[in-house]
Amino acid sequence: MGAPELVRGGGAPRPLGASIVADGVNFAVYSSSATQIWVSIFDERDAEIAMLPLENFSEGVHYGLVAGIGAGARYGLRAEGRYAPAEGYWFDPAKLLVDPYAKRLDRRFVLDPRLCLPRSKAADSAPAVPKAFVTAPEPSGPVRGKRAPSLIYELNVRGQTMLHPEVPAKLRGTFAGLAEPAMLDHLVRLGVDTVELMPIAAWIDDRHLAGLGLTNFWGYNPIAPMAPDPCLAPGGIADLRALTDAYAEAGIAVVLDVVFNHTGESDVLGPTLSFRGLDNLTYYRHTETSRGLELVNDAGTGNVLACDRAPVVDLVMATLRHWVAAAGVAGFRFDLATVLGRGDFGFDTHAPLLEAIRADKSLANCLLIAEPWDVGPGGYQLGRFGPRMLEWNDAWRDDVRRYWRGDGGATGAFATRLAGSADHFGAGGDLGRSVNFIAAHDGFTLADLVAFSAKRNLANLEGNRDGADHNFSWNNGIEGATTDPDIIDRRRADIRALLATLFVSRGTAMLTAGNELGATQAGNNNAYSQDNPIAWIDWARADPELVAFTAGLARLRRKHKSLTATKPLTGKPDRRGRRDCIWLKPDGSEMDEAAWRAADAVLGLLLNEKSDTVLIWFNRGRAAASVTCPPAPRRTGWRLKLASSPAALASRGALRLSPRSVALLAPRSPGRAVFRRGNR
């Protein structure tokens with residue numbers, strides 16, 4: 001690298017960020033209210049060797065051309081302007097700022113007191129701030145898309161491999177570790193076709209965690225939206241591209257969980273690292289109070305991005321295109337997506353950012369998933385993100401849990417969830433938009449769901465105040481770990497019944513890593529700060545029978561169109577007189593209004609989809625139950641293809657169900673059953 005030198009009058013206002021051109025590097029930075037932006041250049045020893053003003057300005061963009069540097073140069077930004085936090089101005093040239101368009105950083109973010117000091121302290125924050133690398137344009141690989149996933153598998157990049165004995169120690173916790181044969185083999189065996197990676201963009205620890213000796217494990221505290229966190233990708237975005245290439249060869253698409261609702265700069269006491277120091281009033285939403293302008297906190301994290309403003313829309317769209325073109329990702333899950341549709345007057349399904357995402361041609365084949373809520377007013381928007389987006393369905397999670405917990409009056413809602421949640425997704429005619437899940441990263445693991453009636457988050461050092469209190473969980477007789485064989489058997493039966501319910505429900509199935517292994521977090525339902533064995537997947541204690549059971553469920557689901565059809569059920573006969581669904585009482589007759597009111601332990605469902613028919617029985621009771629199956633199509637008889645716990649099928653359609661179990665039958669045909677567990 002030569003001596004950096006500003007080229008007078010050179011440069012262009014687009015594209016934003018640092019771009020290599022014939023005569024050097026073009027820098028373009030958006031700030032509508034800064035009076036001056038500088039580019040600071042650093043050498044390999046982290047010494048600042050140049051501070052060059054971007055002298056040109058056009059439509060809110062400060063820009064300039066710097067000669068004498070190229071790919072690999074390390075840089076940061078500084079900004080001058082008013083400093084009046086109560087009025088929304090935070091300009092302080094002593095704060096080194098990370099370029100929002102940075103694509104690679106030289107180190108992780110670490111919280112440091114200098115990042116939070118007021119301008120009056122005049123403390124240079126550069127030693128505590130990661131430097132961005134000037135990067136050459138990444139070669140674009142094949143654009144991948146995944147419109148209709150069969151099984152989504154949510155995982156944390158670090159937690160997935162930190163304890164895996166077949167992943168080399170130096171690769172654990174990285175993208176490279178995820179690409180190891182042992183990991184791929186496991187995903188392929190499960191039948192996973194879409195992996196959803198929890199946030200990978202460079203993030204910083206929450207302010208309160210430093211004093212507790214904890215760190216942010218989940219990654220929902222981003223600063224640089226286009227740069228992979230160096231702990232996950234020591235080699236930069238090339239590491240992620242290698243992962244998506246390897247997974248694509250195995251038939252698995254990679255989806256990124258992206259956080260555009262807030263940043264890790266948090267509230268007014270948080271660090272100034274990028275957006276706040278460059279243009280606080282543009283990037284963040286504020287409200288006027290008697291104390292002046294205050295940050296809106298609809299994400300519950302201290303700030304929210306103003307996603308209806310053009311500079312934020314431009315940044316988000318550039319970020320999405322970058323991950324698709326340079327990293328080969330096949331889609332995105334949008335964290336707290338209601339924020340993305342918020343304007344000054346609340347949520348709008350046709351908000352600028354949501355419309356831009358739907359209309360962008362480079363994202364046309366991408367899988368798009370919304371988490372359809374935030375914590376602000378009117379934040380719950382399940383079913384309102386339109387036909388292009390799938391949505392996490394917490395109503396499925398809660399109603400299925402309530403049914404299996406044994407809550408009274410839960411059967412009707414349970415049936416609605418089994419049938420695809422048409423109350424939320426029926427209007428668009430595509431029940432595949434409902435992403436069904438028993439457990440996700442946020443909350444109890446599946447094993448803990450049936451072993452704890454209350455959270456145990458003391459390891460988070462927040463007095464057990466954090467995390468959700470209403471989990472619809474149960475402990476099967478003893479709270480937490482036990483050696484009682486009867487309780488262990490009950491919990492195993494419940495886990496299998498819940499998994500079976502997930503895979504026989506209409507909608508898109510999502511499984512969170514570890515739930516197929518019987519993983520526990522010892523009752524912690526908010527393990528965001530546990531970058532340790534509490535939250536890492538413990539492969540040594542995996543339950544191989546449960547893994548095999550889950551894989552069998554996925555195969556069964558793929559085989560039967562009746563389970564994966566996406567059109568709403570009507571219960572009405574078609575031209576051949578076949579009805580798409582019939583809800584059944586234990587005696588095999590059809591449920592009527594009185595039966596729905598009295599429904600308790602046992603429920604049956606007959607599904608017909610074209611030439612495919614299945615019969616599903618659910619017994620949530622603590623006692624075994626006998627049911628009568630209706631006649632099979634063409635009187636071929638029934639074959640038992642799934643029993644989450646032992647079941648016995650006798651002649652004339654009599655079926656004996658174990659307590660707390662699910663059974664699925666299909667008409668007899670030549671060939672063997674897909675699988676069944678413990679059938680007699």
Would you mention how many residues in the range 617-662 are polar (S, T, N, Q) and within 39 Å of the chain's Cα centre (by Cα)? 5
Identify, please: which residue in the range 613-659 is without any contact (Cβ under 8 Å) to a residue 60 or more places away in the chain and of a type in the set (S, T, N, Q) and is, among those, surrounded by the most Cβ atoms within 10 Å (Cβ to Cβ)? Asn619
Residues that are within 22 Å of Val435 (Cβ to Cβ) and open to solvent by 60 Å² or more (accessible area, probe 1.4 Å), drawn from the range 567-581: Lys567
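For every residue, the table says whether it meets (1) at pLDDT 95 or above; (2) farther than 27 Å from Ala356 by Cα; (3) of a type outside the set (A, V, I, L, M); (4) more than 20 Å from the chain's Cα centre (by Cα).
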position	(1), (2), (3), (4)
Asn216	yes, yes, yes, no
Thr244	yes, no, yes, no
Gly270	yes, yes, yes, yes
Tyr283	yes, no, yes, yes
Thr289	no, yes, yes, yes
Filtering the range 582-612 down to residues that are in a strand (DSSP E or B) and open to solvent by 10 Å² or more (accessible area, probe 1.4 Å) yields Ile582, Trp583, Glu590, Val602, Leu606, Asn608, Glu609, Asp612
Of all residues in the range 185-211, count the ones that are at pLDDT 95 or above, within 22 Å of Leu269 (Cα to Cα) and open to solvent by 30 Å² or more (accessible area, probe 1.4 Å). 2
Are any of the residues in the range 271-286 among the hydroxyl-bearing types (Ser, Thr, Tyr), in a helix (DSSP H, G or I), open to solvent by less than 10 Å² (accessible area, probe 1.4 Å) and under 30 Å from Ala246 (Cα atoms)? no
For the range 34-82 the number of residues that are in a loop (DSSP other than H, G, I, E, B), open to solvent by 30 Å² or more (accessible area, probe 1.4 Å) and either under 22 Å from Asp279 (Cβ atoms) or in contact with a Ser or Thr (Cβ under 7 Å, 6 or more places away or on another chain) (or both) is 5
Test result for Gly159, farther than 25 Å from Asn26 by Cα, in a helix (DSSP H, G or I), modelled with pLDDT of 95 or more and open to solvent by less than 40 Å² (accessible area, probe 1.4 Å): yes
When the range 237-259 is checked residue by residue, the ones that are within 15 Å of Tyr153 (Cα to Cα), outside any helix (DSSP H, G or I) and touching a helix residue (DSSP H, G or I) at 6+ places or on another chain (Cβ under 9 Å) are Ala250, Gly251, Ile252, Ala253, Val254, Leu256
Scan of the range 83-108 for residues that are out of contact with any Leu (no Cβ under 7 Å at 6 or more places or on another chain) and either assigned to a helix (DSSP H, G or I) or among the acidic types (Asp, Glu) (or both), ordered by number: Pro85, Asp92, Asp106
Give the range 553-563 a look and list any residue that's open to solvent by 60 Å² or more (accessible area, probe 1.4 Å) and either small (Gly, Ala, Ser) or farther than 18 Å from Pro633 by Cβ (or both), or say none. Arg555, Arg558
Only one of Ala176, Ala182 is surrounded by fewer than 18 Cβ atoms within 10 Å (Cβ to Cβ) and in contact with an Asp or Glu (Cβ under 7 Å, 6 or more places away or on another chain), namely Ala182
Check the range 474-492 and report whether any residue there is open to solvent by 50 Å² or more (accessible area, probe 1.4 Å) and closer than 21 Å to Asp394 by Cα. no
Within the range 162-173, track down each residue that is among the hydrophobic types (A, V, I, L, M, F, W, C), part of a loop (DSSP other than H, G, I, E, B) and either at pLDDT below 95 or surrounded by fewer than 21 Cβ atoms within 10 Å (Cβ to Cβ) (or both). Leu163
Among the numbered criteria (1) under 28 Å from Pro230 (Cβ atoms); (2) touching a Phe, Trp or Tyr at 6+ places or on another chain (Cβ under 7 Å); (3) not basic (Lys, Arg), which one does Gly60 miss? (1)
Can Trp404 be described as in contact with a strand residue (DSSP E or B) (Cβ under 6 Å, 6 or more places away or on another chain) and either among the aromatic types (Phe, Trp, Tyr) or under 25 Å from Phe452 (Cα atoms) (or both)? no
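The values are calculated or read from the model by the stated rules, or taken from the named source; none is laboratory data. Computed from a prediction, not measured in an experiment: that's the story for all the values here. Cβ: placed from backbone, ideal geometry, glycine included. Neighbour counts: every protein chain shown. Just the protein is used for accessible areas: all its heavy atoms, side chains included, with ligands, DNA and RNA removed. Shrake-Rupley method; radii C 1.70, N 1.55, O 1.52, S 1.80 Å.
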